[in-house]
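A.B. asks: Sharing a structure with you now.
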Amino acid sequence: MSKKEAAERILKLRTLINEYRHAYHVLDKSIMSEAAADSLKHELSQLEDEYPELITPDSPTQRVAGQPLTKFRSVAHSQRMLSLNDVFDESEVDSWLKRINKLLPVNELFIDIKMDGLACALVYEDGVLQQAITRGDGFTGEEVTMNVRTIESVPLRLNGDSKFTKGRTEVRGEIVMYKEDFAALNAKREAEGQALFANPRNLAAGTIRQLDAKLVAARKLHFHAYDMQRQNSNDVPSHSFAYDSLSELGFIVNKKYDIVPATAKEVISVADKWEEKRHDLPFNTDGLVVKVNDRSIYERLGIVGKAPRGAVAYKYPAEQSTTKVIDIIVSIGRTGAATPTAVLEPVVVAGSRVQMATLHNEGEVARKDIRIGDTVIIHKAGDIIPEIIQSLPELRNGSEQPFVMPKQCPECSTELVKLKADEAVWRCPNNLCPSRVQNRIQHYASKTALDIEGLGEKNVITLLGAGLIRDTPDIYGLTVEQLLTLDRFAEVSANKLVNAIQAKKAPTLERFLFGIGIRHIGIQTAVDLARHFHSIDALSQVTVDELEQVDGIGSVVAESVVAWFGDPDNQRILEQFKNHGVIPQETQQVIGSLTDKKFVITGTLESMGREAAAEEVRKRGGVFQNSVSKDTNYLVAGANIGASKRTKAEKYGVEIIEEAAFLKLLED
Ligand code: IVH
């Protein structure tokens, strides 16, 4: 990039980052996530590193904090409210531990989830709530007592009679809005055509700074305590003691905190434990808080800058980042759906490299106004598919190209069509389109369908490319000799694949039905169809009316099934399966211990994943549902279940059982 181009880019980045900072720190609004802003800031400081002469004192890289508002009374904190320094991996945890161990020997760490809300200090005198103060700049905060009093999880008087209910006790914690309540509120606002809130943290922060306490009471906020301070610091010997006492005094605390020996390995093992589970927590979290458990050592380690030496925030890899759209291509799925897909400059998000993101359909590209050449914010969490949240039009330089949906299939040049005029999706109607065939075969071999090991994307492409197969049934004709003519295969791998395919000649009817890829037929619908009709031949003859009689089958599915079996191309495919000796097993009505019992599973189970649990239910004749309805028999509540599922279950009188009781049912 030339100096002139860099100067232009720098100016645009600064303006946008400044807008973000002002909105976030001063107005409690968010125009993008913190991680996305960090990513822009990173680009800015790289450019400034390259051209140091372009650095100005007003650059966001040169400033630290925003301006306070003055709506509420300012109150000084008795002890400064600190921040935490971030660490990102084992070696950074290790360096931190080495640093502090040089000062004082540390043997025990206390670890809790880092909640994404806003910090608040509650002052109790003789057990009665006197004041609630926001963090502010750490030295001085805003008095928001009236508002905080409306939060039901804040005790107005401390429980019990102990030294903590005498004199002054300060309790610190995080005010959070739960993800579920946030989603419900935003859904309501969307329906009413109101502007949406960016995230639960901002909504909670915005709510606490409302001058009208009635408004605060109407929003569901929660206070989770994490710290307790007394004049005599000996009153609180350790962080774990503080949590246990806080719990007794009537606060919400995370009772599942960890205490581990002070090594980086131990910290990482706790981080790994929470890595996936944290998504099931009711609030957002982007990491852990790791503290020296012994409070006297913690205090003596002192403060450096704005943070205590004796604690760090362990951060999970960022789930948002910015990158550029290099191109927008159209890919064709197994049902012919033409999906615009963004080709991105590769970037690491949530620990994995992302270079593609689906844009769903033409309308979505237009709605988000994503152009080729745009800088965009992408989001990825856990094993969720990466998604483009928004484009940043402020950073355009005029060379960006709007996306135009092609009229023809990019794979086979067939004209794209819409099945219904009001549908958002364009489709390639050619059953033999190479892309559709490839995806069809992959789907047939996938885990939930026939589960043929070794028949993934790469091998399917190779086999089609070599002309050894032309459609799904052909896989059953593959021989070891044929595979050995290909570079990808040797004796062992060729035998393995042929055996894996041959082993799947008598699949269960439901897996086969799901595997042949009829639109709208998920695995549970396939189970329902199989249980009712027992064979492919019976299904071939069925009418829409007959299908609609079946429990759980609506008109969309019914029409799709009849259309699929009515298509001569598909009849030919079924014939080919038969010729290769593929005979789906007629599914007998499973009369098991759970016959016709309907289950919904929510939260995480300790003993097995959701799919495995569903399989266990089905094996015993039960039905697995995705959401609670009137006819649900059991709601299995795993760890961290959301309030709304529970309320719904209670409303319908559905029995709520814990994991242990569920496992017991499986034993019977
Ligand atoms: S302990 C020095 N525990 O994170 C402050 N803080 O970046 C250490 N936070 O302002 C406090 N969850 O508001 C602690 N479980 C937790 C926390 C937590 C969120 C916030 C806190 C603090 C910020 C530090």
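The values are calculated or read from the model by the stated rules, or taken from the named source; none is laboratory data. Worth saying up front: this structure is predicted, and the values here are computed from it rather than measured. Positions of Cβ are generated from backbone atoms using ideal geometry, with glycine treated the same way; all protein chains shown enter the neighbour counts.
A.B. asks: Taking the condition of being under 20 Å from P155 (Cα atoms), assigned to a strand (DSSP E or B) and either modelled with pLDDT under 90 or within 15 Å of the ligand (Cβ to nearest atom) (or both), how many residues in the range 130-141 meet it?
C.D. replies: As a first pass, look at the range 130-141 and keep what is under 20 Å from P155 (Cα atoms): 130-135.
Next, from what is left, pick out any that are assigned to a strand (DSSP E or B): 130-134.
Okay, now just the ones that are also either modelled with pLDDT under 90 or within 15 Å of the ligand (Cβ to nearest atom) (or both), so 132-134.
Residues in the range 130-141 being under 20 Å from P155 (Cα atoms), assigned to a strand (DSSP E or B) and either modelled with pLDDT under 90 or within 15 Å of the ligand (Cβ to nearest atom) (or both): 3 in total.
A.B. asks: So is E248 farther than 30 Å from S91 by Cα, away from the ligand (no atom under 16 Å from the Cβ) and of a type in the set (D, E) or not?
C.D. replies: Yes.
A.B. asks: Does R219 meet the test of being closer than 24 Å to R646 by Cα and away from the ligand (no atom under 16 Å from the Cβ)?
C.D. replies: Considered against the rule, which asks whether it is closer than 24 Å to R646 by Cα and away from the ligand (no atom under 16 Å from the Cβ), R219 comes out as yes.
A.B. asks: Find the residue count for the range 332-376, including only residues that are in contact with a helix residue (DSSP H, G or I) (Cβ under 7 Å, 6 or more places away or on another chain) and either within 30 Å of G287 (Cβ to Cβ) or not in a strand (DSSP E or B) (or both).
C.D. replies: Qualifying residue count for the region: 6.
A.B. asks: Would you please list the contacts, defined by Cβ atoms under 7 Å and residues six or more apart or on different chains, that run from a residue in the range 387-402 that is basic (K, R) to a residue that is surrounded by 16 or more Cβ atoms within 10 Å (Cβ to Cβ)?
C.D. replies: Pairs that qualify, where the first residue is basic (K, R) and the partner is surrounded by 16 or more Cβ atoms within 10 Å (Cβ to Cβ), are R396/D374.
A.B. asks: Another question, if that's okay. For the range 435-447, does any single residue satisfy the condition of being more than 26 Å from N361 (Cα to Cα) and at pLDDT 95 or above?
C.D. replies: For the range 435-447, residues more than 26 Å from N361 (Cα to Cα) and at pLDDT 95 or above: present.
For (1) more than 14 Å from G250 (Cβ to Cβ); (2) in contact (Cβ under 8 Å) with a residue 40 or more places away in the chain; (3) surrounded by fewer than 18 Cβ atoms within 10 Å (Cβ to Cβ), each residue gets a yes or a no:
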residue: F139; (1), (2), (3): yes, yes, yes
residue: E142; (1), (2), (3): yes, yes, no
residue: I151; (1), (2), (3): no, yes, no
residue: L158; (1), (2), (3): no, yes, no
residue: T169; (1), (2), (3): no, yes, no
residue: V176; (1), (2), (3): yes, yes, no
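A.B. asks: I'm trying to understand the selection: among the residues of the range 289-309, which are surrounded by 15 or more Cβ atoms within 10 Å (Cβ to Cβ) and of a type in the set (S, T, N, Q)?
C.D. replies: Once the filter is applied, which keeps residues that are surrounded by 15 or more Cβ atoms within 10 Å (Cβ to Cβ) and of a type in the set (S, T, N, Q), the range 289-309 yields only N293.
A.B. asks: Scan the range 294-331 residue by residue and report those that are of a type in the set (G, A, S), away from the ligand (no atom under 15 Å from the Cβ) and either part of a strand (DSSP E or B) or on the phi > 0 side of the Ramachandran plot (or both).
C.D. replies: S321, S331
A.B. asks: Moving on. Only residues that are part of a strand (DSSP E or B) and within 16 Å of the ligand (Cβ to nearest atom): list them for the range 142-165, please.
C.D. replies: Residue satisfying the conditions is E142 alone.
A.B. asks: What residue, among those in the range 327-358 that are among the hydrophobic types (A, V, I, L, M, F, W, C) and farther than 24 Å from P434 by Cβ, is surrounded by the fewest Cβ atoms within 10 Å (Cβ to Cβ)? First the steps, then the outcome.
C.D. replies: Pass one, the range 327-358, residues among the hydrophobic types (A, V, I, L, M, F, W, C): 328-330, 332, 337-338, 342-344, 347-350, 354, 356-357.
Among the residues that remain, those that are also farther than 24 Å from P434 by Cβ are: 344, 347-350, 354.
Numbers: L344: 21, V347: 17, V348: 13, V349: 23, A350: 20, V354: 20.
Selected residue: V348.
A.B. asks: Restricting attention to the range 330-384, and to residues there that are among the basic types (K, R) and modelled with pLDDT under 95, which single residue is nearest to C412 (Cα to Cα)?
C.D. replies: Among those residues, the one meeting the criterion is R334.
A.B. asks: May I ask you to verify whether A121 is aliphatic (A, V, I, L, M), within 13 Å of the ligand (Cβ to nearest atom) and farther than 26 Å from A271 by Cα?
C.D. replies: Yes, satisfied.
A.B. asks: Of the residues that sit in the range 484-526 and are small (G, A, S) and outside any helix (DSSP H, G or I), which one is surrounded by the most Cβ atoms within 10 Å (Cβ to Cβ)?
C.D. replies: First pass over the range 484-526, keeping only residues small (G, A, S): 490, 493-494, 500, 503, 506, 515, 517, 522, 526.
Those still in the list that are outside any helix (DSSP H, G or I) too: 490, 503, 506, 517, 522.
Details: A490: 12, A503: 13, A506: 11, G517: 22, G522: 12.
Across the range 484-526, the extreme among qualifying residues is G517.
A.B. asks: If you check G467 against the conditions, is it more than 36 Å from the chain's Cα centre (by Cα) and part of a loop (DSSP other than H, G, I, E, B)? Walk me through it before giving the result.
C.D. replies: Details: more than 36 Å from the chain's Cα centre (by Cα): yes; part of a loop (DSSP other than H, G, I, E, B): yes.
Considered against the rule, which asks whether it is more than 36 Å from the chain's Cα centre (by Cα) and part of a loop (DSSP other than H, G, I, E, B), G467 comes out as yes.
A.B. asks: Go through the range 98-115 and count every residue that is surrounded by 19 or more Cβ atoms within 10 Å (Cβ to Cβ) and over 20 Å from P237 (Cα atoms).
C.D. replies: Qualifying residue count, the range 98-115: 3.
A.B. asks: Further question: For residues in the range 422-451 being surrounded by fewer than 18 Cβ atoms within 10 Å (Cβ to Cβ) and under 33 Å from the mean Cα position of the chain (by Cα), which is nearest to I469 (Cα to Cα)?
C.D. replies: Among those that are surrounded by fewer than 18 Cβ atoms within 10 Å (Cβ to Cβ) and under 33 Å from the mean Cα position of the chain (by Cα), it is P434.
A.B. asks: Next question. Checking N186 against (1) buried (at least 16 other Cβ atoms within 10 Å of the Cβ); (2) under 35 Å from the mean Cα position of the chain (by Cα); (3) within 29 Å of V290 (Cα to Cα), only one condition comes out false. Which one?
C.D. replies: Unmet for N186, out of (1) buried (at least 16 other Cβ atoms within 10 Å of the Cβ); (2) under 35 Å from the mean Cα position of the chain (by Cα); (3) within 29 Å of V290 (Cα to Cα): (3).
A.B. asks: Determine whether the range 214-221 contains at least one residue that is out of contact with any helix residue (DSSP H, G or I) (no Cβ under 7 Å at 6 or more places or on another chain) and either in a loop (DSSP other than H, G, I, E, B) or modelled with pLDDT of 85 or more (or both).
C.D. replies: No, every residue in the range 214-221 fails to be out of contact with any helix residue (DSSP H, G or I) (no Cβ under 7 Å at 6 or more places or on another chain) and either in a loop (DSSP other than H, G, I, E, B) or modelled with pLDDT of 85 or more (or both).
A.B. asks: Same structure again: Go through (1) in contact with a helix residue (DSSP H, G or I) (Cβ under 8 Å, 6 or more places away or on another chain); (2) part of a loop (DSSP other than H, G, I, E, B) and name the single condition S413 misses.
C.D. replies: Every condition holds for S413 apart from (1).
A.B. asks: Identify, please: which residue in the range 252-293 is more than 28 Å from the chain's Cα centre (by Cα) and within 15 Å of the ligand (Cβ to nearest atom) and is, among those, farthest from W96 (Cα to Cα)?
C.D. replies: Selected residue: N293.
A.B. asks: List pairs: first residue in the range 276-304 and of a type in the set (F, W, Y), second residue in a strand (DSSP E or B) anywhere in the structure, Cβ distance under 6 angstrom, at least six positions apart or on different chains.
C.D. replies: Going by the 6 Å Cβ cut-off, the qualifying pairs are F283/M115; F283/V176; Y298/V292.
A.B. asks: So, in the range 70-113, exactly how many residues are within 16 Å of the ligand (Cβ to nearest atom), more than 17 Å from I268 (Cβ to Cβ) and of a type in the set (A, V, I, L, M)?
C.D. replies: The total comes to 4.
A.B. asks: Also: Is it fair to say V654 is among the aliphatic types (A, V, I, L, M) and within 20 Å of I523 (Cα to Cα)?
C.D. replies: Considered against the rule, which asks whether it is among the aliphatic types (A, V, I, L, M) and within 20 Å of I523 (Cα to Cα), V654 comes out as no.
A.B. asks: Name the pairs whose Cβ atoms lie under 6 Å apart, with the first residue in the range 232-253 and small (G, A, S) and surrounded by 15 or more Cβ atoms within 10 Å (Cβ to Cβ), the second assigned to a loop (DSSP other than H, G, I, E, B) and at pLDDT below 95, and 6 or more positions between them or separate chains?
C.D. replies: Within 6 Å, the pairs are S247/V253; G250/P155; G250/N159.
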